[in-house]
Amino acid sequence: MRIKINNKRVYLYTGTKELISDQDSIVFVHGAGLDHTVWLLQSRYFAHHGWNAIAVDLPGHGHSEGPALRNIETMADWLVGLLDVLDLHRVTIVGHSMGSLVALQAGATAPKRIARLGLLGTSAPMPVSDALLSAAKANQHDAFDMINLWGHSRGAHIGGNPVPGMWMPGNTLRLLERSRPGVLYHDLNACHVYQNGLISAREVRCPVLVVCAKQDRMTPIANTEELITQFKDVHTITIDHCGHQMLSEQPDRVLDTLSEFILERGQTERLTSSRSN
C-alpha cells in the first residue's frame, strides 16, 4: 500500500489485506537501518485474523521516500500523523529496537490514540558504542558486521532457525546493505541521543508488553529494568536462546507472545466495555 505524508511517498505492508474502518488495528515499526520486511510473519498473521495490520517503512527506509528522520521524537510525530492519514483512532503499536523507542514516544505523545504497546528489544536510554556510530557515520561495512555480530546469539551464527537453510545473520546483513547511505547512522544516533524514555514511560496510559531476549547484547535486560518500573500496566517476557534480532531468531515465539498479550487484552477490554454499557 502506497500513500503520501507531507507530500512524500510512504510504503505500508498490510499483509495483502485492505484496511477496514471498523477493525482493530496494529502498527509494526522496524529497527535501525531495516524496513517492513522484518515483520512479515507477524503482520500477515494479524492481517489474516481480523486486524488491520500495518508494517511501516519509516521515511528513508525500504520503499518510503526520504530523507530519514533524525530523532525519535520526530519519528513518533510522523507515526501519529500516519494514524491521522489512515483515519485510525485507537491502535496497538509494536516496535523493535529503534522502533520500540518510536512506539514508546508515540504512546506518550498521543496516549488517547494508543490501545496497547509492544516493546521488543528495548531499553531507555539506548546507548550505541562509539565504534559502531563511527563506522556507520563513515558508511563503512564494518557497521553492518558489528550489528550482525552483536545482534545475534551465538547459536544463530551457526543455524537453528525453524526454516531449513535460513542464514539469519546473512538475512540481516542483506537488509542493512540495501539501506541508503547515512540512514543507519542517523537511526543509531537517534537511539543514542534519545533521553526521554523514562519520562515518556510515565506518560503512557495503556497496557505495555516488554519482550527481552536473554542473550541480547545490544539492549541487555539489565538496561531495560528501570524502564519497566516506570509503566503503570506492564507485562514482561524473556525469550531464552535468543539475541537482539529476535524477529528472525525466534519468530514463532515472538508471534505467540504478541498474540497472547494483544488478543487476550482485547477480549478483556471488550468484555469490560460491554458490561459497563
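Tabulated values for the structure
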| quantity | calculated |
| --- | --- |
| From 173, 209, residue being modelled with pLDDT of 95 or more and not basic (Lys, Arg) | 209 |
| Residue satisfying condition, being of a type in the set (Ser, Thr, Tyr) and at pLDDT 95 or above, within set 179, 153 | 179 |
| Output for segment 1-27, where each listed residue is assigned to a strand (DSSP E or B) and touching a helix residue (DSSP H, G or I) at 6+ places or on another chain (Cβ under 9 Å) | 3, 4, 5, 10, 11, 12, 13, 24, 25, 26, 27 |
| Residue in segment 104-114 that is more than 21 Å from residue 70 (Cβ to Cβ) and surrounded by 21 or more Cβ atoms within 10 Å (Cβ to Cβ) present | yes |
| Restricting segment 37-63 to residues that are more than 15 Å from residue 98 (Cβ to Cβ) and small (Gly, Ala, Ser), the residue that is surrounded by the most Cβ atoms within 10 Å (Cβ to Cβ) | 53 |
| Helices (runs of 4 or more DSSP H) contained entirely in segment 170-247, each with at least 1 residues that are free of Cβ contacts under 8 Å to residues at least 24 places away in the same chain | 225-230 |
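The values are calculated or read from the model by the stated rules, or taken from the named source; none is laboratory data. All values derive from a computational prediction rather than experimental measurement. Glycine gets a Cβ as well: all are built from the backbone with ideal geometry, and neighbour counts include every protein chain shown.
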